[in-house]
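All of the numbers you see were taken from the coordinates with simple rules; none came from a lab. Everything numeric in this text was worked out from a predicted model, so none of it was measured. Reconstructed Cβ throughout: ideal geometry from the backbone, glycine too, with neighbour counts over all protein chains shown.
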Amino acid sequence: MYFGENVQLTGLELADAELILENWNNLELRLYLGSSTPASLEEEQEWIRNTWKMRSSGKGLEFAIRTFDGGFLGTCGVVRINQINRSGLLGIAIHSKQFWGKGYGTDAMCTLLAISFQILNLNRLELEVHSFNDRAIKSYKKIGFNEIGKRRQEHWINGKYYDSIIMDILREEFQTKFGMVDLTLKTIWNFSKT
Ligand SMILES: CC(C)(COP(=O)(O)OP(=O)(O)OC[C@H]1O[C@@H](n2cnc3c(N)ncnc32)[C@H](O)[C@@H]1OP(=O)(O)O)[C@@H](O)C(=O)NCCC(=O)NCCS
C-alpha cells in the first residue's frame, strides 16, 4: 500500500500469523524486543485481530513489512496515538536474522515516519531501544532521531539489567531532511542532509 525504497508497508492478514511464527520464537530476535516467552499461532492471530481493533479506534496502525514482490520481512507500527498532542510510539522488527543489516529496517522506518507525518498528521514520534542494540541505534540516528534520555536498568534481559534509550523525531526535522514523500511510488531516501 505504501512504498519505500525496497519495501512496502501493507495491512496485516490472519495468514501472516504463520509467517510471523517462522521467526518469532527465535530468542535472539525477541531479546532485542524485550520479551522472551514463547508465542503460539493462536496468540499471533489474536494479536493481528487486536491490531485491526486498534486501527479502527484510531489509537494505532500496525503494518506488515514486505518486499516489492510480497515476501514477508516483519512488522512495524505506530501505537499510543495521542489525538490532541499528535504524538505516537513507534516499533519495528525485521524478523529473520538473514535480513538484518541490509537496509530494510531503515527503509521501513522512513516509510512509517512519512505515513505518520503525512497521512496520520502526527507531529512527534518516539521510540525506545535497548542500549545494546547497536544496529537499531545506528539506523535511527541515520534517519534523524535524537537521543532524549534513558531509563536506567529498565530491562532485565538474560541475567543482566540494561538501560532503555529514548529517541524522538519531529515532523519538521523529518521533512527538512526528506521533504514531502510520494508514498504511491518507490521512494529513494537521501540521507546526505544531516
Ligand atoms: C533494528 C532493525 C529494525 C534495523 O533494521 P536493519 O534492516 O537490520 O538495519 P539497516 O541495514 O537498515 O541499518 C543498520 C545500520 O547499522 C549497521 N549495522 C549492521 N549491523 C550492525 C551491528 N551488528 N552493529 C552495529 N551496526 C550495525 C549497518 O551498517 C547500517 O548502517 P549504514 O546504513 O550506515 O551502513 C532490525 O535489525 C531488526 O528488526 N532487528 C531485530 C529487532 C529489533 O532490534 N527491533 C528494534 C527494537 S528497538
GNM result for the chain, Cα springs below 10 Å: residue of Y162, Y104, Y140 fluctuating most strongly:
Y162
Taking θ as phi - 60°, what are the ³J(HN,Hα) couplings along the stretch 82-98 by the Karplus curve (6.51, -1.76, 1.60), each to the nearest whole Hz, with x for Gly and Pro?
9, 5, 7, 7, 6, 10, x, 10, 9, x, 7, 8, 8, 7, 8, 3, 5
Say R0 is 30 Å: what FRET efficiency, to the nearest 0.05, do I148 and M1 get from their beta-carbon distance?
0.45
Which far-off residues, 5 or more places away or on another chain, put their amide H under 5 Å from the one on K150, with H placed in the peptide plane?
I166
Residue separation between E43 and N82 times 0.36 nm, minus their alpha-carbon distance, gives in nm 11.4 nm
With a cut-off of 11 Å, note down the residues of the stretch 55-94 whose backbone N falls inside the zone around a label point 7 Å from the Cα of I119 toward its beta carbon.
61-64, 78
Translational diffusion coefficient of the stretch 77-180 at 37 °C, 0.692 mPa s, Stokes-Einstein with Kirkwood Rh over Cα pairs, in µm²/s as a whole number.
228
Which parts of the stretch 96-130 would a label at T176 reach, counting a residue when its backbone N lies under 20 Å from a point 7 Å out along Cα-to-Cβ?
110-111, 113-118, 122-127
HN-Hα J couplings of the stretch 116-128 from phi, Karplus 6.51/-1.76/1.60, θ = phi - 60°, integer Hz, Gly and Pro as x?
4, 7, 8, 8, 8, 6, 8, 10, 9, 10, 10, 8, 10
Per residue of the stretch 6-11, in order, report the coupling 6.51 cos²θ - 1.76 cosθ + 1.60 (Karplus, θ = phi - 60°) as ³J(HN,Hα) in whole Hz, putting x for Gly and Pro.
10, 10, 10, 9, 10, x
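Of the cross-linked pairs K97/K177; K97/K160; K138/K193; K102/K177, which ones have a Cα-Cα span greater than 26 Å in the structure shown? Write down the numbers at each step before the final one.
Values: K97/K177 29 Å; K97/K160 23 Å; K138/K193 16 Å; K102/K177 22 Å.
Those over the limit are K97/K177.
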